[in-house]
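The values are calculated or read from the model by the stated rules, or taken from the named source; none is laboratory data. It should be emphasised that the depicted structure is a prediction, and the values quoted were computed from it without experimental measurement. Quick reminder, even Gly has a Cβ in these numbers, built from the backbone with ideal geometry, and neighbours come from all protein chains shown. To get the accessible areas, we keep the full protein, side chains included, count just its heavy atoms, and leave off ligands, DNA and RNA. Shrake-Rupley method; radii C 1.70, N 1.55, O 1.52, S 1.80 Å.
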Amino acid sequence: MTDRENLLLEKLPSDVLQRLRPELEPVHLPLSLRLMEDEQALEYAYFPRDSVISLVRVFTNGTAVEVGMIGYEAFLGMHALLGINVQPAAAIVQMEGEAWRVPIGRVVDLYESRPDVRAVFGRAIHYLTTQISQTAACNRTHTPEERLARWLLQIHDRVIGDTMMVTQEFLSIMLATRRASINEAVAHLRDVGAIAHRRQRITVTNRELLESRACECYGTLTREGIRTLDFAPRAKAEPELADVVT
């Protein structure tokens, strides 16, 4: 079990967290687990610790695209705080790891009864909304390499360690682009030394260089995360020598 806590839980008033703590159930979220289907009501709220959950919009022709991601800065189920039982997106575990879960009704009750809880969760709702709109604009405007660099940095900010288990097929869904374009973007970021890639694993080997290759959307989201949630980006990555491909 990871020692990392969920950032939103840490920001709750101490008396609220003390009462909620016995109800938080530790769960392991395996890769690709579908926590919520499109237009499906959610039974539990999930507060990631070192796992990452993707919000994925699936279209009638089978095309899917990531519209947002949730890590330790937020929780899955924030739409319920607004009185919305279902939302037009599936929730899929993007990066395996640990989380807390609690019945969604308990979180809604706290949100509705405590203004100080509403203030905390309201900032998280704002950040997720900003992220969704920025992602939509990014997918329409920027190159596959810029979007890939932005996406990898977002994941890197949410996981522990520098290596991520991911396939090009999965990336093509997450970034709404052709697999061939993803292959080219991965190869270029590897060739310039920003990442290493081997056997469905991508390792951030030079974060500063990766940031220089990302589009402006990463900076926008970083500034908003710091402003609203104290959600700061990761420090410069230390290379994992076993994963570096020479």
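If you take the Cα atoms of the chain, find Rg, then find the Kirkwood Rh from the mean of 1/r over all pairs, what is Rg/Rh?
We get a ratio of 0.96 for the chain.
Could you order the peptides 148-161, 48-61 from most to least packed, using the average number of other C-beta atoms within 10 Å per residue?
Going by the mean number of other Cβ atoms within 10 Å, highest first, we get 148-161, 48-61.
Within the chain, what whole-number % of the accessible surface is contributed by carbon and sulfur, with the 1.4 Å probe and all protein chains included in the calculation?
51 percent
On a 1.4 Å probe surface of the protein chains, which of D15, D162 comes out largest in accessible area, and what is the full order?
Correct descending sequence by accessible area is D15, D162.
Tell me the per residue accessible area of segment 126-195 using a 1.4 Å probe; a whole number in Å² is fine.
I get 40 Å² per residue for this part.
Starting from the Cα of A187, step 7 Å along the direction of its Cβ; do the same at Q200; then give the gap between the two resulting points in nm.
About 2.2 nm separates the two model spin labels.
Taking the Cα centre of segment 51-111 as the origin, how large is its charge dipole in debye, to the nearest 20, when only Lys and Arg (+1) and Asp and Glu (-1) carry charge on their Cβ atoms?
Its charge dipole is roughly 180 debye.
Per DSSP H run of at least 4 residues, take -39500 (n - 2.57); add these up for the chain, divide by its residues and hand me the 222 nm value, nearest 500 deg cm²/dmol.
One gets -13000 deg cm²/dmol as the mean residue ellipticity at 222 nm.
Name the long-range amide H neighbours of M69: under 5 Å, sequence gap of 5 or more, or other chain; modelled H, no Pro or chain starts.
Amide H neighbours of M69: L55.
Pick out, in residue order, every one of the GluC sites (Glu not before Pro) in segment 1-78 that is DSSP loop and has at most 14 other C-beta atoms within 10 Å; say none if there are none.
The qualifying sites are E5, E37, E39, E43.
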